[in-house]
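Undergrad: Before anything else, here's the structure in question.
The values are calculated or read from the model by the stated rules, or taken from the named source; none is laboratory data. Keep in mind that this is a model prediction, so the values were computed, not measured. So basically every Cβ, Gly included, is an ideal-geometry build from the backbone, and we count neighbours across all protein chains shown.
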Amino acid sequence: MSTNGKLFVVGFGPGNFEHITKRAVEALQESDYIIGYKTYVELIQGLLTDQTIISTGMTEEVSRAQEAVKQAELGKKVAVISSGDAGVYGMAGLVYEVLIEKGWKEETGVGIEVIPGISAINSCASLLGAPVMHDSCTISLSDHLTPWDLIAKRVEAAAMADFVIALYNPRSGRRTRQIVETQKILLRYRSPDTPVGLVKSAYRDRQDIVITNLKDMLNHDIGMLTTVIIGNSSTFLYDDKIITPRGYQRKYTLNSEKQTLKPHQRLQKEAEPWALDQEADSMQETLTEPAGGVGLLTKAPEKKSASFEMAMEALSRVKGQTVQQSIKPIVQQKMESVFELAVSPGVANKQFTPKQMMTLAEVVGEKGTMEYTPNHKIVLKIPTTDPEVITGKLQSANFLLSPIGDVLTLKACDFCDGEKAESIPYADEIHRVLGGMKMPKELNIGFNGCGMACYSAVMDDIGIVFRKGKFDLFLGAKPVGRTAHPGQPVAEGIDPEQLVALITDIVEEYKQNAHPNERLFKYFKRAKKIQSYSYQDIAPKIHIEPAPCED
């Protein structure tokens, strides 16, 4: 559906105004909404006027992308911001994924413009000298979404290929071993004296630059705001600058009076015959087939031919195929990713069978993890290339499967093994209709099957208690914190046949109107009403005595 809304995915560079593009500034000023990680919003605060700001925490990228698409589809101009470049570990890909999931087409859907910015590898390199003058790569050491084994393979491949390497997200408070393992891998292929640059908060107020080497790099402070740039085998230090020569095999010698190639000649296309868009000089490379079998390149007078055609011809000769036979479609290799889900024996069942426990051990294996949670679910994190195989095995063992994250979950009382047969079917139906639904923030429904209320349903976002053949409803509990409180009792004696429809309406209202990362109790307080139920401020007021040192 075409609307007047538009999405700007803005990369604003390292964070200071001098390094943000003119187009990025224009997009921010045109926008009705600014959506981004709260720290990034603070960095561009001076460029904003009266736009509506929606900021969330570091791990709320998906909800930010979904909210941006939602507002654009409502006709708003929305800027989704990323530091650096939005297409390098930024928000551009997520925004497109959300659009694609909704069936977006460029011709008929909301407009989208990705505005490039200076990525960390570029901004940090400029502060170090010229470390990225030859082939380079970026690798994120965060294993939040990518299995560590795959990251380690990428590090090793880059080390073997002698790339200049920029490490993003090298270390956090809870994730410390990855940078240590990375150093070990690199030391197997590179000299301990390889130059390394550590740049923290490039071009921001707390900028910090350290020049060190591969052997000593871990002796310095490295955190989430640090970009680590590691030189290749030809990188050298000069006057506290890291320099990587443009070519491994020098085409001219700096200290020679007579140059093999003068600088202006070196920059001509003829001096770089490896470029695939070049025409060979009047000599074409052809293949001869020695007794050993593998073809070797020799020179023979021929007319000009593109290097790409020469390379394909060489490949086809080595493989014993024609050029046409050797050109095949590229097949995407399946890569492992971390598949996360929650399993339980049932809505009102806490008893696991031996078969279920054996199935868990089988699907998790040596590389996955299992974590038991207070609501009788087990969260699984399994590296796999085929999640459907995992879910198939779990379903065959009669597990109830649920997504994790900002979704709706239902926990029914089970201390009596779900013997309250009169009420539990309604819990099953709520789970069937709403379980696992994507929410602005995690939404928990607590269900008590009798008036004993032995499971504290009133301490969940939505509390349901079955009493005297009907249901009581509680909304907006705050389960943790100094101001924790139960949900407000908003209705008594709800007819069982009306329950599922009522809960569905409440959930849909919250889903449509709440801000990203806004818990139900916060939404209830802000909106003042959910359906026909009015908010009452029942949170306890706490008076904190001043500390003696404040007198």
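Undergrad: In the stretch 16-35, what residues are assigned to a loop (DSSP other than H, G, I, E, B) and surrounded by 22 or more Cβ atoms within 10 Å (Cβ to Cβ)? Walk me through it before giving the result.
TA: From the stretch 16-35, those assigned to a loop (DSSP other than H, G, I, E, B) are 16, 20-21, 31-32; that's our starting set.
The answer is 20, 31.
Undergrad: Please specify each residue of the stretch 108-122 satisfying the condition of being out of contact with any Lys or Arg (no Cβ under 9 Å at 6 or more places or on another chain) and either surrounded by 18 or more Cβ atoms within 10 Å (Cβ to Cβ) or on the phi > 0 side of the Ramachandran plot (or both). Talk me through it step by step, then tell me what you get.
TA: Taking the stretch 108-122 first, the residues out of contact with any Lys or Arg (no Cβ under 9 Å at 6 or more places or on another chain) are 108, 114, 117-122.
Of everything in the stretch 108-122, those that are out of contact with any Lys or Arg (no Cβ under 9 Å at 6 or more places or on another chain) and either surrounded by 18 or more Cβ atoms within 10 Å (Cβ to Cβ) or on the phi > 0 side of the Ramachandran plot (or both) turn out to be 114, 117, 118, 119, 120, 121, 122.
Undergrad: Hey, another quick one. Could you list, in sequence order, the residues of the stretch 473-497 that are touching a Gly at 6+ places or on another chain (Cβ under 6 Å), free of Cβ contacts under 8 Å to residues at least 40 places away in the same chain and in a loop (DSSP other than H, G, I, E, B)?
TA: Here is the first cut: in the stretch 473-497, the ones touching a Gly at 6+ places or on another chain (Cβ under 6 Å) are 474-477, 487-488.
Right, trim to free of Cβ contacts under 8 Å to residues at least 40 places away in the same chain and you get 474, 487.
Correct list: 487 only.
Undergrad: Next up: Could you tell me whether the stretch 96-115 includes any residue that is closer than 28 Å to residue 200 by Cα, assigned to a strand (DSSP E or B) and among the small types (Gly, Ala, Ser)?
TA: In the first step, residues of the stretch 96-115 are kept if they are closer than 28 Å to residue 200 by Cα; the result is 114-115.
Narrowing further to those that are assigned to a strand (DSSP E or B): 114-115.
If we keep only those that are among the small types (Gly, Ala, Ser) as well, we get none.
No - not one qualifying residue is present in the stretch 96-115.
Undergrad: Just checking, how many residues over the stretch 408-435 are within 34 Å of the chain's Cα centre (by Cα) and modelled with pLDDT under 90?
TA: 2
Undergrad: Next up: Looking only at the stretch 208-242, filter to residues that are closer than 22 Å to residue 19 by Cα, of a type outside the set (A, V, I, L, M, F, W, C) and in contact (Cβ under 8 Å) with a residue 60 or more places away in the chain; which one of those is surrounded by the fewest Cβ atoms within 10 Å (Cβ to Cβ)?
TA: Result: 241.
Undergrad: From the list 312, 335, which residue is assigned to a helix (DSSP H, G or I), at pLDDT below 90 and closer than 30 Å to residue 154 by Cα? Steps first, answer last, please.
TA: Working: 335 fails: assigned to a helix (DSSP H, G or I).
That would be 312, the only listed residue that is assigned to a helix (DSSP H, G or I), at pLDDT below 90 and closer than 30 Å to residue 154 by Cα.
Undergrad: Would you confirm whether any residue within the stretch 383-390 is out of contact with any strand residue (DSSP E or B) (no Cβ under 9 Å at 6 or more places or on another chain), charged (D, E, K, R), modelled with pLDDT of 95 or more and not in a loop (DSSP other than H, G, I, E, B)?
TA: no
Undergrad: Just one of the numbered conditions (1) without any contact (Cβ under 8 Å) to a residue 24 or more places away in the chain; (2) under 29 Å from residue 469 (Cβ atoms); (3) not charged (D, E, K, R) is not true of residue 423; which one?
TA: (1)
Undergrad: Can you tell me how many residues within the stretch 506-522 are closer than 19 Å to residue 484 by Cβ and free of Cβ contacts under 8 Å to residues at least 24 places away in the same chain?
TA: Selection size over the stretch 506-522: 1.
Undergrad: Another question, if that's okay. Here is a check on your reading of the model: is residue 536 loosely packed, with under 14 Cβ neighbours inside 10 Å, closer than 30 Å to residue 70 by Cβ, at pLDDT below 95 and not β-branched (Val, Ile, Thr)? Walk me through it before giving the result.
TA: Details: loosely packed, with under 14 Cβ neighbours inside 10 Å: yes; closer than 30 Å to residue 70 by Cβ: yes; at pLDDT below 95: yes; not β-branched (Val, Ile, Thr): yes.
Yes; evaluated as a whole, the condition is true for this residue.
Undergrad: Moving on. Of the conditions (1) in contact with a strand residue (DSSP E or B) (Cβ under 6 Å, 6 or more places away or on another chain); (2) part of a loop (DSSP other than H, G, I, E, B), residue 154 clears all except one; give me its number.
TA: (2)
Undergrad: Got a sec? Which of 71, 66, 51, 29 is among the polar types (S, T, N, Q), in contact with a helix residue (DSSP H, G or I) (Cβ under 6 Å, 6 or more places away or on another chain) and either at pLDDT 90 or above or within 24 Å of residue 146 (Cα to Cα) (or both)? Outline the logic, then answer.
TA: On the way: 71 fails: in contact with a helix residue (DSSP H, G or I) (Cβ under 6 Å, 6 or more places away or on another chain); 51 fails: in contact with a helix residue (DSSP H, G or I) (Cβ under 6 Å, 6 or more places away or on another chain); 29 fails: in contact with a helix residue (DSSP H, G or I) (Cβ under 6 Å, 6 or more places away or on another chain).
The unique qualifying residue is 66.
Undergrad: Determine which member of the set 166, 202 is in a loop (DSSP other than H, G, I, E, B), among the aliphatic types (A, V, I, L, M) and within 30 Å of residue 44 (Cβ to Cβ).
TA: On the way: 166 fails: in a loop (DSSP other than H, G, I, E, B).
Being in a loop (DSSP other than H, G, I, E, B), among the aliphatic types (A, V, I, L, M) and within 30 Å of residue 44 (Cβ to Cβ) holds for just one of 166, 202, which is 202.
Undergrad: Any chance the stretch 448-458 includes a residue that's modelled with pLDDT of 95 or more, crowded, with 16+ Cβ neighbours inside 10 Å and not β-branched (Val, Ile, Thr)? Break it down stepwise before answering.
TA: Initially, the stretch 448-458 is screened for residues modelled with pLDDT of 95 or more, giving none.
So far as the stretch 448-458 goes, no, none of its residues is modelled with pLDDT of 95 or more, crowded, with 16+ Cβ neighbours inside 10 Å and not β-branched (Val, Ile, Thr).
Undergrad: Same structure, new question: Considering only residues that are at positive phi and surrounded by fewer than 19 Cβ atoms within 10 Å (Cβ to Cβ), look in the stretch 71-107 and name the one that is nearest to the chain's Cα centre (by Cα).
TA: Within the stretch 71-107, the subset at positive phi is 75, 84, 89, 103.
With the extra rule that they be surrounded by fewer than 19 Cβ atoms within 10 Å (Cβ to Cβ), the set shrinks to 75, 89, 103.
Details: 75: 27, 89: 7, 103: 21 Å.
The qualifying residue nearest to the chain's Cα centre (by Cα) is 89.
Undergrad: Failed condition for residue 432, given (1) among the charged types (D, E, K, R); (2) in contact (Cβ under 8 Å) with a residue 60 or more places away in the chain; (3) within 19 Å of residue 500 (Cβ to Cβ); (4) surrounded by fewer than 24 Cβ atoms within 10 Å (Cβ to Cβ), with all others met?
TA: Residue 432 satisfies all of (1) among the charged types (D, E, K, R); (2) in contact (Cβ under 8 Å) with a residue 60 or more places away in the chain; (3) within 19 Å of residue 500 (Cβ to Cβ); (4) surrounded by fewer than 24 Cβ atoms within 10 Å (Cβ to Cβ) except (2).
Undergrad: Pairs under 6 Å by beta carbon, first residue assigned to a helix (DSSP H, G or I) in the stretch 173-196, partner surrounded by fewer than 20 Cβ atoms within 10 Å (Cβ to Cβ) and of a type in the set (Asp, Glu), six or more apart or different chains?
TA: Between residues of the stretch 173-196 that are assigned to a helix (DSSP H, G or I) and residues that are surrounded by fewer than 20 Cβ atoms within 10 Å (Cβ to Cβ) and of a type in the set (Asp, Glu), the close pairs are 185/156.
Undergrad: Just a yes or no: is a residue in the stretch 42-57 touching a residue at least 60 places away in the same chain (Cβ under 8 Å), under 22 Å from residue 512 (Cα atoms), surrounded by fewer than 20 Cβ atoms within 10 Å (Cβ to Cβ) and within 19 Å of the chain's Cα centre (by Cα)? Break it down into steps so the answer makes sense when it comes.
TA: Of all residues in the stretch 42-57, those touching a residue at least 60 places away in the same chain (Cβ under 8 Å) come to 43, 54, 56-57.
Then drop every residue that is not under 22 Å from residue 512 (Cα atoms), which leaves 54, 56-57.
Of the ones still in play, those that are also surrounded by fewer than 20 Cβ atoms within 10 Å (Cβ to Cβ) are 57.
Narrowing the set further to residues that are within 19 Å of the chain's Cα centre (by Cα) leaves 57.
Yes: one or more hits.
Undergrad: Among the residues of the stretch 451-472, write down those that are without any contact (Cβ under 8 Å) to a residue 40 or more places away in the chain and either in a strand (DSSP E or B) or under 15 Å from residue 499 (Cβ atoms) (or both).
TA: Those that are without any contact (Cβ under 8 Å) to a residue 40 or more places away in the chain and either in a strand (DSSP E or B) or under 15 Å from residue 499 (Cβ atoms) (or both): 463, 464, 465, 467, 468, 470, 472.
Undergrad: If I filter the stretch 129-147 for residues that are within 27 Å of residue 405 (Cα to Cα), assigned to a helix (DSSP H, G or I) and in contact with an Asp or Glu (Cβ under 8 Å, 6 or more places away or on another chain), do I get at least one hit?
TA: Here is the first cut: in the stretch 129-147, the ones within 27 Å of residue 405 (Cα to Cα) are 139-147.
Retained after the next criterion (residues that are assigned to a helix (DSSP H, G or I)): none.
The answer is no; no qualifying residue exists.
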